[in-house]
Structure formats: structure tokens, C-alpha cells
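Student: This is the structure I want to talk about, given as C-alpha cells.
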Amino acid sequence: MRIEWLKPLVGHPGPFATVYLDATRSVEAGDKDVANRWRSVRRSLVKQGAAEEVLADLDEAVDRPTRVRGPHGRVLIADADGVLVDRVLREPPSVMAGVWHQVPSLLQAARSADEAADALCVAVDRLGADFFPVGSDGYPAGPRESFEGPHDEISKTSSTSTKRATIESRAEDSWQRNAEAVAGEIDRRVAQQRPEIVMITGDVRAVPLVRAALGQQAREATVEVPGGGRDDGVHQGAFAESVADALDSFRERRREQVLAELREGLGREAGAVTSIDDVVQVLARGQVKHLVLSEQLADDAARALRSWVDSPAESPGPGGLLNGRRLWIGPDPLHVAVARGELTGVDDPEELPAASALLRAAIGQDAGLVFAPEGSVDLRDGVGATLRWHDGGTPHESAATMSGDDGRVSTAH
């Protein structure tokens, strides 16, 4: 999954207010439900000493409705500069809380976002197409934008003054040219907006013509979802279910592709690493394509947050993860090390909880993030990474074969 939405946090020294909120609106109470939940979380932030200007910015942000149907959550992260992150979560958070801390509490947000996808829906007919984003519930998550092809002579209706064969030829030529124009617009949007998945739907004659005219990048990202269209006769509920099913399948494929790549790389001892020490090393070198964390880490983070909510006298912090490991960082996101002395040329390095430091470094090199279910891949310390490139300085794990130790030994090429 993409985590560039966390980039606004990089370079901010904190403290941060991290808010996890159930943003579900009931039919009866509507926005009052969310307002009441926010008041409770806000009181907790006040008790922790959150700055009033930060709370005022959060007040304004929470007042803006998500316009998402059904159960869903929301994470907001703010500091003295304003609200830096405001993202809808596919499901309500397992723990609803507000934390005022020097480091934002990110693992619960990241795990929820792993269940989301940046999706673009394209409803086509023989004249053009409508473009609109869709949420995880399958419903539109933003306004429709219409695009019309250059040809409007699409009917095969006969005429007394023109041969039927000529009319049919002109109409089919118009369909083809309009489909090519729509495909060009999809190509443009895919290149600029970089959606993870494009779902095409609509007229049964237009859809295959458009798909055939797509460029390689858009074609690889496109799947067909039947049941939608540009006219008012579409059954929105049924189509939304089909879109949601397509998104579920896409998310499973996306995660399994990364985990398969990790398993393969670890198996051939090239292209992937595992363990805190080795993952830190490749993050510092900017090699990471995907950071992989075990779901257990996110479960631990949720339990730590729940424990703090139940007993707020204890420090909430993001500690307790990765066996309490802490890493050293410098001003650049790639400044990350397991020991202070390894950050050469960095004045006044600081310590961060390991999970926060790993995420910070991954964000800084545009790496993806995937959570691995228990038993899906063998991760030392609950962390691993797939790599963009590999050289002689890249660490790797080799199986220990000359002793009773069935673990892995970190070595270097």
C-alpha cells in the first residue's frame, strides 16, 4: 500500500495530536454522533496538555463531513502548523482515542490504510466517459468529471437519403474514435494521478473498444466491473457491491504479490531482507521497495493504545513495540541507525521507537507498506523488506547449517 499520505509529517518536530475517531453517522442522529465522539476524545487531549490552537484546528477539521456511507473511521494528525493528515479509514478504529505526544501514533492508521486502495472508476458509453473516485464501500467518493469524445454520429438509425451500410460504417467509426479518445484520457489520468486500480464499466460495445486502445500502464491497472454506466438506469447499490468486491480482490492480490516477492527474495538470499538490523541498513541506503510488518505489531500497538485509554495515568507513547527497540534518526528520513555512532555526520541525533523510525524512513523513500498475516512469511523481529536493487553491500540472511540453530544468520556479500 502507498503511504505517501503520511509525508506531511516528515520534518515536523512535534508534539503531535493523533486522533482516531469512529466517523460513522447514524440515520437518526447524523453528524451529532461524530460530534459527541469527538468531544470525548477532545477532553482527553486537553487533559494531556494539547495546545489550544491545535485543538481549534482539529475542531474545524472534524466539522467537515466525510460524505462516506456506512461504518468507517478517520485519523487526524495535527501539530502547531495545522492538520497534517486527515484520512478516512475503511473501518472504525479498534480503539477510539486522542494522543498528545512527541511522536504520532501511526501503526493503527497504517494498518487501516492497508485495507484501502486509490481507485478510479470510469463509466463509458459511445459518446465519452465519466470519471470519479470510489471508496472502499464501492460508492463514489468524489464528484464526477465528464469527458466527451470528438464524434457524435453514433446512431445506426436508417435514413432515406443515405445507404444503411454507410450509416453503420460512420457510426462504428465514431464509436472507435470516441473509444480511442476516452482511452487517451484514461492514459493521461493514470500517468498524472497514479491510481492503483482503474475500474471500467458501462456500454457493452464501448468498454472493449476502450480497453483495446489503452496504453500499457493504464491497461495493467484496469479491470472491468459490470453493472455501471453513465445513465440514470444504473442500480447504484448493486453496482457498489460489485465495485467493493473488485476492491477486495485487488487488495488481496496486492498484498500477496508483495509477500510472494519477499518469500522469493529471502529464499534466494537476494532482493529481500528480514530483522530489525538488516531492514534499518537497507532503509538507510534507500533500497526499500516495500516495508513489511507483521500484523502482530499492529495488534500490539492497538493493545498499547487501548491499555492507555483504560488507564491514562500511564504514558501512551508508541513504545512496547518491537520489544521496546529504539532507533537513532537524523534530520533526513534516510538518517536511521540501530546505534548512535552509525549516524556519521549527524549532529544531535535523536531516538525514536523502532516502529516510528522505520515508517519515517519508508515514507522518505516512497516505499510501500504491507502487513503480513501470521504464518504468511517468516519474519525476524516482525519486520522485513523487499528491495529495489541489490549490490555487494546489501545484507542477507543465510540458513545456519552447521549447528542445531535453525534460525538465520545475518551476513554480507
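The values are calculated or read from the model by the stated rules, or taken from the named source; none is laboratory data. It should be emphasised that the depicted structure is a prediction, and the values quoted were computed from it without experimental measurement. Positions of Cβ are backbone-derived with ideal geometry, glycine not excepted, and every protein chain shown enters the neighbour counts.
Student: For Ala78, state whether it is of a type in the set (Gly, Ala, Ser) and surrounded by 14 or more Cβ atoms within 10 Å (Cβ to Cβ). Explain how you work it out, then say what you get.
Tutor: On the way: of a type in the set (Gly, Ala, Ser): yes; surrounded by 14 or more Cβ atoms within 10 Å (Cβ to Cβ): yes.
Taking the combined requirement at face value, the residue satisfies it.
For every residue, the table says whether it meets (1) out of contact with any helix residue (DSSP H, G or I) (no Cβ under 8 Å at 6 or more places or on another chain); (2) surrounded by fewer than 19 Cβ atoms within 10 Å (Cβ to Cβ); (3) modelled with pLDDT of 95 or more; (4) of a type outside the set (Asp, Glu).
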residue	(1), (2), (3), (4)
His235	yes, yes, no, yes
Ala244	yes, yes, no, yes
Asp248	yes, yes, no, no
Arg253	yes, yes, no, yes
Leu262	yes, no, yes, yes
Arg268	yes, yes, no, yes
Val273	no, no, yes, yes
Asp299	yes, yes, no, no
Arg303	yes, yes, no, yes
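Student: Does Ala51 qualify as being surrounded by fewer than 17 Cβ atoms within 10 Å (Cβ to Cβ), under 27 Å from Glu115 (Cα atoms) and aliphatic (A, V, I, L, M)? Walk me through how you get there before you give the answer.
Tutor: Numbers: surrounded by fewer than 17 Cβ atoms within 10 Å (Cβ to Cβ): yes; under 27 Å from Glu115 (Cα atoms): no; aliphatic (A, V, I, L, M): yes.
In short, no.
Student: Tell me, which residue of the stretch 213-228 that is assigned to a loop (DSSP other than H, G, I, E, B) and of a type outside the set (A, V, I, L, M, F, W, C) is farthest from Asp203 (Cα to Cα)? Can you show your working first?
Tutor: Step one: of the stretch 213-228, the residues assigned to a loop (DSSP other than H, G, I, E, B) are 214-215, 225-228.
Okay, now just the ones that are also of a type outside the set (A, V, I, L, M, F, W, C), so 215, 226-228.
Working: Gly215: 20, Pro226: 9, Gly227: 9, Gly228: 8 Å.
Restricting to residues being assigned to a loop (DSSP other than H, G, I, E, B) and of a type outside the set (A, V, I, L, M, F, W, C), the top hit is Gly215.
Student: Also: Out of (1) within 20 Å of the chain's Cα centre (by Cα); (2) at pLDDT 95 or above; (3) outside any helix (DSSP H, G or I), the odd one out for Arg189 is which?
Tutor: Here Arg189 meets the rest and fails (3).
Student: Continuing with the same structure: Which numbered condition trips up Arg194, out of (1) in contact (Cβ under 8 Å) with a residue 24 or more places away in the chain; (2) exposed (fewer than 15 other Cβ atoms within 10 Å of the Cβ); (3) charged (D, E, K, R); (4) more than 12 Å from Leu120 (Cα to Cα)?
Tutor: (4) is the only condition that Arg194 fails.
Student: Which of the residues belonging to the stretch 198-233 are among the β-branched types (Val, Ile, Thr) and at pLDDT 95 or above?
Tutor: Correct list: Val198, Ile200, Thr201, Val207, Val210, Thr222, Val223, Val225.
Student: For the stretch 5-27, enumerate the residues that are under 17 Å from Glu351 (Cα atoms), in contact with a helix residue (DSSP H, G or I) (Cβ under 9 Å, 6 or more places away or on another chain) and outside any strand (DSSP E or B).
Tutor: We begin by selecting, within the stretch 5-27, every residue under 17 Å from Glu351 (Cα atoms); these are 9-16.
Still in the running and in contact with a helix residue (DSSP H, G or I) (Cβ under 9 Å, 6 or more places away or on another chain): 9-10, 15-16.
Passing the criteria: Leu9, Val10, Pro15.
Student: Take residues that are under 18 Å from Val41 (Cα atoms) and tell me which of the strands (runs of 3 or more DSSP E) falling wholly in the stretch 79-145 contain 2 or more.
Tutor: Of the strands (runs of 3 or more DSSP E) lying wholly inside the stretch 79-145, those with at least 2 residues that are under 18 Å from Val41 (Cα atoms) span 82-89, 97-101.
Student: Mind listing whichever residues of the stretch 146-161 are at pLDDT 75 or above and not in a loop (DSSP other than H, G, I, E, B)?
Tutor: Ser146, Phe147, Glu148
Student: Right, Pro92: surrounded by fewer than 22 Cβ atoms within 10 Å (Cβ to Cβ), under 30 Å from Arg253 (Cβ atoms) and touching a His at 6+ places or on another chain (Cβ under 7 Å) or not?
Tutor: yes
Student: Also: Considering only residues that are touching a strand residue (DSSP E or B) at 6+ places or on another chain (Cβ under 6 Å) and farther than 29 Å from Glu261 by Cβ, which ones fall in the stretch 329-349?
Tutor: Once the filter is applied, which keeps residues that are touching a strand residue (DSSP E or B) at 6+ places or on another chain (Cβ under 6 Å) and farther than 29 Å from Glu261 by Cβ, the stretch 329-349 yields Arg340, Leu343, Pro349.
Student: Failed condition for Asp231, given (1) of a type outside the set (A, V, I, L, M, F, W, C); (2) in a helix (DSSP H, G or I); (3) in contact (Cβ under 8 Å) with a residue 40 or more places away in the chain; (4) surrounded by fewer than 17 Cβ atoms within 10 Å (Cβ to Cβ), with all others met?
Tutor: Of the numbered conditions (1) of a type outside the set (A, V, I, L, M, F, W, C); (2) in a helix (DSSP H, G or I); (3) in contact (Cβ under 8 Å) with a residue 40 or more places away in the chain; (4) surrounded by fewer than 17 Cβ atoms within 10 Å (Cβ to Cβ), the odd one out for Asp231 is (2).
Student: Here is a follow-up. If I filter the stretch 344-366 down to residues being under 16 Å from Ile276 (Cβ atoms) and hydrophobic (A, V, I, L, M, F, W, C), which single residue comes out as surrounded by the fewest Cβ atoms within 10 Å (Cβ to Cβ)?
Tutor: The residue in question is Leu352.
Student: Can you tell me which of (1) among the β-branched types (Val, Ile, Thr); (2) touching a residue at least 60 places away in the same chain (Cβ under 8 Å); (3) touching a strand residue (DSSP E or B) at 6+ places or on another chain (Cβ under 9 Å) is the one Val10 doesn't meet?
Tutor: In the conditions (1) among the β-branched types (Val, Ile, Thr); (2) touching a residue at least 60 places away in the same chain (Cβ under 8 Å); (3) touching a strand residue (DSSP E or B) at 6+ places or on another chain (Cβ under 9 Å), Val10 misses (3) alone.
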